[in-house]
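Okay, structure first, notes after.
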Ligand SMILES: Cc1cc2nc3c(=O)[nH]c(=O)nc-3n(C[C@H](O)[C@H](O)[C@H](O)COP(=O)(O)OP(=O)(O)OC[C@H]3O[C@@H](n4cnc5c(N)ncnc54)[C@H](O)[C@@H]3O)c2cc1C
């Protein structure tokens, strides 16, 4: 006998969003989490400030993920574009701010994002089982059996939202990918994306991080250009990090390349503004040159020694200065390990999943959301947005499927060309105690069997006039 309609495995970004939406849709659902606390990775995001989305249209977002992933994610992004996600969080009581097209909670606390979900789960009475690692799943008559360390549960549908395989202390270690493999699905190799680069150059081994705000990073392998990215670079602890480095290493992972040359251009835009000030910089005494450059580039004093070594001496002309600042080539030792990566490249193969529903093509009733799939995005809120958008799309399918199944078998079924139940039959049966008792239920006109877009499903903020 089925214990519940839906089991969601993993209470990270995708699982939490899915569980809230399941609660709102009135589904019987259990959320299982391996760790003692939900959302441990969510708490780390954006340096604990949680960059939860990016500004742009669904099409802009799709383009940013790159062709294959963007195409796969398009239906999810169209159902939940950035503006709709922002509206949802604001209506859920979490004010947001924008910073350079990145979306953060106004409080700049990832903790507040997590609590928004946890509060909703409490209000909706969605059971969340902590310390409950799932060890495997198998198809059974009418659904799936989910085996956990201490119990086994059966459900009509299962949503796997177990994340990637980085920062293992947060609970994401690649379990969902293993479940998929065990069920015969293809999984593309897991590798680190958005990860630091270890370098041998002593000048970059600063104890205190040096932040260089505007750098162009070029990765080449065997003379082929693999990635050109721009953004900040952080140097410290024998490692280069920051958005420009992370975005470049994600592209290297997509090309399955781990050995490459690295070129830093510290002045991608500066020399375009005319050479006058640089001639001036150059004319100062050679010993003061690095200091003057640091000042011009907005670098802190910790960068001076390193820059002096990197540039060398005897710079005779502005062209020479530009050349040296634009072609700094640190000696690359290699990528930092997967456990330190912001995102995992690879996962359940997209060819195994219907992009319109996020259901496994060969295993009806089995769904995926978030990083467990072979999806990843650049820095800037794209990965969390993908987790939320895929959760929303998967839940739309699951809610429609389960609510359709709950429809009575007699002639009350809607006609084929109109899948919605009749107007006067939208309320759940009286003995269905699963609806939350509070006034957080969706408006009556959203109770149809087809799932409304996320922002309409969730409670409206009370306007204070
Ligand atoms: C340091 C850091 C900073 C980041 N910053 C940002 C950022 O600012 N913006 C952004 O967009 N992205 C950021 N990311 C990436 C982002 O956090 C992930 O892409 C996102 O969390 C993926 O969501 P998910 O729900 O798919 O997986 P996760 O958030 O990893 O959640 C998976 C959950 O499943 C649970 N689980 C795993 N296996 C099992 C099992 N067998 N049984 C039960 N439960 C299980 C895990 O414990 C975990 O709670 C950051 C990542 C890191 C590591």
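The values are calculated or read from the model by the stated rules, or taken from the named source; none is laboratory data. None of these values were measured; they are calculated from a predicted model. Heads up, the Cβs are rebuilt from the backbone with ideal geometry, glycines too, and the neighbour counts pull from every protein chain shown.
Scanning segment 350-373 for residues that are part of a loop (DSSP other than H, G, I, E, B) and within 16 Å of the ligand (Cβ to nearest atom) yields 358, 369. Residue count for segment 388-400 satisfying the condition of being out of contact with any strand residue (DSSP E or B) (no Cβ under 6 Å at 6 or more places or on another chain) and buried (at least 21 other Cβ atoms within 10 Å of the Cβ): 9.
Restricting attention to segment 344-354, the residues that are surrounded by fewer than 24 Cβ atoms within 10 Å (Cβ to Cβ) and farther than 16 Å from residue 159 by Cβ add up to 3. Evaluate segment 148-167: report whether one residue or more is more than 9 Å from the ligand (Cβ to nearest atom) and assigned to a helix (DSSP H, G or I). No, segment 148-167 contains no residue that is more than 9 Å from the ligand (Cβ to nearest atom) and assigned to a helix (DSSP H, G or I). Of all the listed residues (46, 23), the sole one being at pLDDT 95 or above and within 15 Å of the chain's Cα centre (by Cα) is 46. Pairs linking a residue in segment 375-386 that is in the same structural domain as residue 231 (by TED's automatic domain parsing) to a residue that is modelled with pLDDT under 95, with Cβ atoms under 8 Å and 6 or more positions apart or on different chains, do not occur. On inspection, residue 197 qualifies as surrounded by 22 or more Cβ atoms within 10 Å (Cβ to Cβ) and more than 19 Å from residue 34 (Cβ to Cβ).
One line per residue, one yes/no per condition, for (1) surrounded by 22 or more Cβ atoms within 10 Å (Cβ to Cβ); (2) touching a residue at least 40 places away in the same chain (Cβ under 8 Å); (3) more than 9 Å from the ligand (Cβ to nearest atom):
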site: 3; (1), (2), (3): no, yes, yes
site: 14; (1), (2), (3): yes, yes, no
site: 25; (1), (2), (3): yes, yes, yes
site: 30; (1), (2), (3): no, yes, yes
site: 33; (1), (2), (3): yes, yes, no
site: 40; (1), (2), (3): no, yes, no
site: 61; (1), (2), (3): yes, yes, yes
site: 85; (1), (2), (3): yes, yes, yes
site: 93; (1), (2), (3): no, yes, yes
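Taking the listed residues 193, 136, the one that is under 30 Å from residue 86 (Cβ atoms) and either modelled with pLDDT under 95 or near the ligand (Cβ under 10 Å from one of its atoms) (or both) is 193, with no other qualifying.
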